[in-house]
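Each remark here refers to the structure printed beneath this line.
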Amino acid sequence: MTIQARHPRLLKLTDPPIILGHRCTRCRRVAFPPDPYGCEKCGSSWENLEGLDLEARGTVRAIATVHRHHHPSPSTPFTVAVIDLVGGPVIKAIVAGVEVGVGVAVEGVLVEDVADADGNIMVDLQFQVVT
Ligand SMILES: [Zn+2]
């Protein structure tokens, strides 16, 4: 049995978790997810992008509650938020809890998902309200 990130190129399984972004060495733009083609802002090629560890912390910009979707996991209802990360990029992620609202501070947590047939456990990033 192993424990692995569902998206290993986007996430480090550390405590607290680290989101793997990149920064343009020419214009300093920080982005997530990493773009294999180059910088969206200045047009610099991918060779001018460097990996950057981003803190999984931020502020909720918008929320939506999902009541129905086509996968068995996560179970409904759940809340998806648009989050302004402290490092700059904006991401969408599931936020646990009922007290989620616009302007609330959130932090990343690793959540174990269902195991596959070999017992390997997938881990994914979710957010929770900072208390
Ligand atoms: Zn750039």
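Each value in this text was obtained by applying a stated rule to the coordinates, not by laboratory testing. Worth saying up front: this structure is predicted, and the values here are computed from it rather than measured. Methodologically, a virtual Cβ is constructed for each residue, glycine included, from the backbone with ideal geometry; neighbour enumeration extends over all protein chains shown.
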Rounded to the nearest whole number, the per residue volume of the convex hull around the C-alpha atoms of the chain in Å³ is 130
Between Gly21, Gly51, Gly108, find the one with the highest GNM mean-square fluctuation for the chain; connect C-alpha pairs within less than 10 Å. Gly51
Of Ser73, Thr14, Cys27, farthest towards positive along the dipole that unit charges on Lys, Arg, Asp, Glu beta carbons give the chain: Cys27
Among rounded, prolate and oblate, which fits region 14-61 when a ≥ b ≥ c are the square roots of the eigenvalues of its C-alpha gyration tensor, a/c under 1.5 means rounded, and a/b larger than b/c means prolate? prolate
How many nm is it between the label spots at Ile121 and Thr14, if each spot is 7 Å from the Cα in line with the beta carbon? 2.1
Can you list residues whose amide H is under 5 Å from Val109's amide H, if they're 5+ apart or on another chain and H is modeled 1.01 Å from N? Gln126, Phe127, Gln128
Which trypsin sites (Lys or Arg not before Pro) does region 7-94 hold that lie in a coil by DSSP with at most 11 other beta carbons within 10 Å? Arg9, Arg28, Arg68
Given the options Val30, Val90, Val102, which has the most mean-square fluctuation in a GNM of the chain, springs set between C-alpha atoms less than 10 angstrom apart? Val102
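Please figure out what share of the DSSP beta bridges in region 56-131 is antiparallel and state it in percent, rounded to the nearest 5.
Counting only bridges with both partners in region 56-131, antiparallel ones make up about 95 percent.
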Between region 74-124 and region 1-41, what is the C-alpha centre distance in whole Å? 16
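Net charge near Cys39: determine it from the other residues with C-beta under 15 Å of the C-beta of Cys39, scoring Lys and Arg +1 and Asp and Glu -1. Could you put the intermediate results ahead of the total?
Numbers: positive: Arg23, Arg26, Arg28, Arg29, Lys41; negative: Asp35, Glu40, Glu47, Glu50.
Surrounding charge for Cys39 is +1.
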Three principal axis lengths of region 56-131 [C-alpha, angstrom, descending]: 40, 26, 22
Environment charge at Ile121 (Cβ cut-off 13 Å; Lys +1, Arg +1, Asp -1, Glu -1): -4
Taking only C-alpha pairs under 8 Å that are 6+ residues apart, what is the relative contact order of region 56-131 in percent? 30
Please report the relative contact order for the chain, taking Cα pairs under 8 Å with a sequence separation of at least 6, and give it as a percent rounded to a whole number. 24
What does the charge dipole of the chain about its Cα centre add up to, to the nearest 20 debye, if the Cβ of each Lys and Arg holds +1 and the Cβ of each Asp and Glu holds -1? 540
